[in-house]
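Structure first, then comments.
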Amino acid sequence: MTYIYSLFQYIPFIAEGVLWTASLVLGGLGIGFIIGLPLAIAQSFGGKKLGKVLNAYVWFFRGTPLLVLLSLFYWAIFPSFGFKLDPLKTSILVLGMRSGAYQSQIFKDSIKSVDYGQILAAKAIGMTQRKLILYIVLPQALRISIPAWSNEYAVILKDSAICFALGVMEILTRVRYVSTATGLALIPYLFAGILFFVLTFSGTGIMDFIHKRTRIPGMVEGLR
Amino acid sequence: MEFWSEYLSSLLMGFLTTSELVAISAPLGIILGIALGASRVYGGIILGSFARGFSALFRGFPLIVTLFLVFFGLPEIGIYLPPVTSAILSFSLCSGAYISEYVRGAIMSIDQGQSLAAKAIGMTKLQEVLYIILPQAIRRAIYGISNEIVYMIQYSSLAFAIGVQEMYSVARTYNSLYFKSLEIFSLLAVIYLVLTALTTLFFKGLIRKLEIPSKAE
C-alpha cells in the first residue's frame, strides 16, 4: 500500500495540468468560434463559389486525424512559413482550426433551422442583409446551437489529451510522467480518465444551464 | 527517389495494420453498440443501468486514456494484451459506447404502434425486439454509426502511442529520420482524406441499399 500513498504527492503536479488542458480547450473553442461563425454565415448567405472553397476547408479539417494535423502544422507548415511555435501554441491553433470546421457545421445547421418566416418578416420591414443576420438570425441561431456546441466542448476536451503527442504539459502528459516515475499505470490513468470524465460532464452541465437560461419563451426550436 | 520507395512501402505496411485495426474493431463496436443500446431501453434496472454507466464511462474517457489503461494498466491486475489487441479492444469499447447512443435514440423513435402490432400477433418480447424494432432502428441509426466508423479510422492513429506500427507511426518514424516533414505528413493527410471519403461513400451506398421502399422516415 505504501507505494500507492506515494501517488498523492503528484496530485498538485497533475492539477497544474488542468490549467494547460483548460487553455487548450478554451483557446481551441474560442478560435474555433471565431473561424466557425463567419464560415457558417458565409456558407449560408454567400454565393455558391465561396461555399465550395469553404467546404474544402471544412472537408480537410474534418477528414484528417488530429494527430496528423498536429504533426503537419508543428513540423511542416508553421516552420515553412517561418514561425517557430511552441507545442502549446501549435496545439491551440490546430485544435481551433479543426474546431472551426466542426463549429461551422453546427452554426450552419442552426442558421438553417431558424424559421424562414423570420427572414421574410425581416425583409418585409426593410432590414438590410447585414441587419437581418445580426439582429434576427444570429440571436436565434446561437441559442439553438448551444446543445451541439456543448457537445463540441466535450469533443475538444477529449481531443486535447491527444496533444500529449507534442509534449504539451496537459493532464495526460503529466500522468504519463507520473506513471513512468512511479512504475504504476492503472491508478494514474484511471485518475486521468475520471478527471476528464468529471470535466466533460460538469462542462456540459453548465452549458445545459446556459441553454435553459437563454431560452426565449415560446420559441420553437427547429428540427435538429 | 530512395526515400519515396522506402516510405511508400512502409506506409503500405502501416496501411494494412490500420485496416486490420478498423476492420476488426468496427464490427465489434457496432455489435457492442447495438447490444448496449438495446439493453438501455429493454434491460430493466440492473442491465439498463449497467449499460448506461458503461457507455457514459467510455464516452467520458478520452480514447487515448482508455488505450493507456488497457495497455499499461491491465497488466497490473494480471491481464496482458499485445498492442494490436489492446488497440482493438479500446476502439471497440469507445465506439460501442458512442454507437449505443445512436441505437438507443433510434429505438426510442420507432412508432409505438409497431410494438403493439407485434404483441397483437403474439410475438414474444425477444421476437418483437429482434424482428420488428431493431431492423427499423438500425436503419435509422446507421447514419450515426457511419460517422463513428469514420472517426474510428481517424482515431486509429492513436495506436501509435502503444507501439502499433500503423500509418501514423510509420510517418512519425520517417519524420525523425529524414527532413521531409511536409511531404511525409501531407501524403498521410491525403491518404486519410481518401479513406474518409471512401468510407462515407460506402455507407451512403449501404444506406440507400437498406432503405425500406416508400417508407416515410
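The table that follows gives values for the structure above.
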item	result
Single residue of segment A:200-224 satisfying the filter (within 20 Å of the chain's Cα centre (by Cα) and over 15 Å from residue A:158 (Cβ atoms)) that is modelled with the lowest pLDDT	A:224
Considering residues of segment A:160-172 that are open to solvent by 10 Å² or more (accessible area, probe 1.4 Å) and of a type outside the set (A, V, I, L, M) only, the residue nearest to the other protein chains (Cβ to nearest Cβ)	A:164
Members of segment A:200-221 found to be hydrophobic (A, V, I, L, M, F, W, C) and either within 11 Å of chain B (Cβ to nearest Cβ) or open to solvent by 40 Å² or more (accessible area, probe 1.4 Å) (or both), listed by number	A:201, A:206, A:209, A:210, A:216, A:220
Condition met for residue A:117 (under 26 Å from residue A:217 (Cβ atoms) and of a type in the set (Gly, Ala, Ser))	yes
Among the candidates A:113, A:99, residue that is of a type in the set (Gly, Ala, Ser) and surrounded by fewer than 20 Cβ atoms within 10 Å (Cβ to Cβ)	A:113
Subset tally (residues that are at the interface with chain B (Cβ under 8 Å from one of its Cβ atoms), buried (at least 21 other Cβ atoms within 10 Å of the Cβ) and within 17 Å of the chain's Cα centre (by Cα)) for segment A:173-199	1
Qualifying residue in segment B:180-189 (condition: in contact (Cβ under 8 Å) with a residue 24 or more places away in the chain, more than 9 Å from every other protein chain (Cβ to nearest Cβ) and part of a helix (DSSP H, G or I))	yes
Residue in segment B:106-163 that is nearest to the other protein chains (Cβ to nearest Cβ), counting only those that are surrounded by fewer than 19 Cβ atoms within 10 Å (Cβ to Cβ) and touching an Asp or Glu at 6+ places or on another chain (Cβ under 8 Å)	B:144
Number of the exception - residue A:80 against (1) out of contact with any Leu (no Cβ under 7 Å at 6 or more places or on another chain); (2) open to solvent by 70 Å² or more (accessible area, probe 1.4 Å); (3) among the small types (Gly, Ala, Ser)	(1)
Selection from segment A:160-177 of residues that are in contact with a Leu (Cβ under 7 Å, 6 or more places away or on another chain) and in a helix (DSSP H, G or I)	A:160, A:161, A:162, A:163, A:164, A:165, A:166, A:171
From the options A:25, A:58, A:18, A:68, residue that is open to solvent by 30 Å² or more (accessible area, probe 1.4 Å) and not aromatic (Phe, Trp, Tyr)	A:18
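The values are calculated or read from the model by the stated rules, or taken from the named source; none is laboratory data. On a predicted model such as this, the values are computed, not experimentally measured, just so you know. Using ideal geometry, Cβ is built from the backbone for each residue, glycine included, and neighbour counts are taken over all protein chains shown. Surface areas here come from the heavy atoms of the whole protein model, side chains and all, with no ligands, DNA or RNA. Shrake-Rupley method; radii C 1.70, N 1.55, O 1.52, S 1.80 Å.
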